Amino acid sequence: MYAADAKRYILKLISIQNKIEKKGYTRVDQAAVRQAREHLKKYLDYYKYDSDEKMRGFFERNHDRIKTLIPNESYPGFEKLMNEFINLQNQ
């Protein structure tokens, strides 16, 4: 189910970014990462996005914010996260 997969993916990115920041790693665009993380979490907590159609709309509207949360190429799971992003985008 697209809605569950997309929500799980976004929450995973938020969690990864929380852990990266707690470890002291920062990016040049760290302010954008924080803003994207807070925005996405707020909306996922407040609205259900329980249908595939609603989640596709959310994913499309927040495409740039979601992509901002993907760690850079030096992160060990970068390729897997990017492939998952592309799969969700193309579904």
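Quick notes on this structure:
- Compactness check for region 1-41: Cα Rg over 2.2 N^0.38 Å is 1.25.
- Shown for the chain: the carbon plus sulfur share of the solvent-accessible area, taken with all protein chains present and a 1.4 angstrom probe, equals 49%.
- The alpha-carbon atoms of the chain define a convex hull whose volume equals 87 cubic angstrom per residue.
- Restricting the trypsin sites (Lys or Arg not before Pro) of region 1-68 to loop positions (DSSP other than H, G, I, E, B) with no more than 15 neighbouring Cβ atoms within 10 Å leaves 23, 27, 48.
- Lys, Arg +1 and Asp, Glu -1 on Cβ, resulting dipole of the chain about Cα centre, debye, nearest 20: 360
- Loop chymotrypsin sites (Phe, Trp or Tyr not before Pro), region 2-91, which have at most 16 other Cβ atoms in a 10 Å radius of their Cβ (DSSP): 25, 47
- For region 1-88, relative contact order (Cα pairs under 8 Å, six or more residues apart, normalised by length) works out to 42 percent.
- Per residue, the solvent-accessible area of the chain (1.4 Å probe, heavy atoms of protein chains only, all protein chains present) comes to 67 Å².
- Of the complete DSSP H runs in the chain, those spanning 20 angstrom or more by Cα along the long axis with a mean Kyte-Doolittle score not below -0.5 are 2-22.
The values are calculated or read from the model by the stated rules, or taken from the named source; none is laboratory data. Model, not experiment: these values are computed from the prediction. Virtual Cβ from ideal backbone geometry, glycine too; neighbours counted across all protein chains shown. Heavy atoms of the whole protein, side chains included, go into the accessibility calculation; ligands, DNA and RNA do not. Shrake-Rupley method; radii C 1.70, N 1.55, O 1.52, S 1.80 Å.
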